[in-house]
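Scroll down for the structure; my scribbles are underneath it.
Please treat every number below as a calculation from the coordinates, not as lab data. Since the structure is predicted, the reported quantities are computational estimates derived from the model, not experimental observations. Don't worry about glycine lacking a Cβ; one is built from the backbone with ideal geometry, like all the others, and counts go over all protein chains shown.
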Amino acid sequence: MDQELLLDRHDAVALVTLNRPDRLNALTLPMMARFTRLMEELNDDPDVRAIVITGAGRGFCSGLDLKENTISQGTWRSAYRAMNFNEHEVARMRGYTKPLIAAVNGVAVGGGLGIALACDIRIGSENASFCAAFAKHGMPPQDAVAAYLPDAVGLSKALEMIFTAKTVRSDEALACGLISELTANETLLERALELAGVIAAGPPVALAMAKQVVYRGRGKPIDDQMALQTLGSFLNKAYAPNDLSEAASAFAEKRKPRFTGT
């Protein structure tokens, strides 16, 4: 595995660590491309049932490394096009079947905020902070930030963060819904892996269907949402009948179910 990206396995949980601590895990363009490829591979891996993303050292991810990526007039346009492509791939993480948890241990800025927002659940440590810093560099927000920040914090708060490029600290992030849980820095990863383990023990097909129903139903009329739920229930029965039987047996026998995804 590339040393800028670390992969660890904890049973059915994959832990991906952005590993450039001296640069607060800032992203180079090749690193962004490798990250999206790795995430796609993990999403397709049947042995992986949940994925945790975190950063090494003091930062989660400080966005695109503007020192590493040349921004002179002659090369910035091509770098910007490449960056947009990779940011679009990050935004697509919302469509993955595997549940994604961001364990935000420090700054999540620009593209780093986008990675956190593309995850289904965000847990933050006391050192976590968030900033949509694009306006500082004369750029609009990337795909994941523009698409998902309003869902997380509401339209008004999202536009405030985007227009002002203000830094949101951990306590404010919890209050506005940017993170769902706040922990001490030393227990963050333990808590994220614990939660991922609980999710990984669940029925994988049903959870994949749940993600699709929730995300595709956002903003749709109630009849459309109910149609999605009916379709999700049908697909779950079609593709994982054994999980449904196992859930019923486990309930009757007063034990934890052992889901296989079949």
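Quick notes
- Taking amide H positions as modeled 1.01 Å from N, with prolines and chain starts lacking one, the residues under 5 Å from Leu5 and 5 or more places away or on another chain are Asn19.
- Applied to the range 49-55, the Karplus parametrisation 6.51 cos²θ - 1.76 cosθ + 1.60 on θ = phi - 60° returns per-residue 3J(HN,Hα) values of 10, 7, 10, 10, 10, 8, x Hz, with x for Gly and Pro.
- At full extension, Val214 and Ala250 could sit 10.3 nm farther apart than now, given 0.36 nm per residue minus the alpha carbon distance.
- Cut-off under 5 Å, modelled amide H: who pairs with Ala50 long-range: Ala14
- Measuring between alpha carbons in the structure, the pairs from Lys98/Lys166; Lys67/Lys166; Lys67/Lys98; Lys98/Lys254; Lys98/Lys256 lying more than 29 angstrom apart are Lys98/Lys166; Lys67/Lys98.
- Legend: calculated FRET efficiency, Leu7 to Asn43, from the Cβ-Cβ distance at R0 = 22 Å, rounded to 0.05, equals 0.95.
- Charged-residue dipole, Cβ positions (Lys, Arg, Asp, Glu), the range 5-200 about Cα centre, Debye nearest 20: 680
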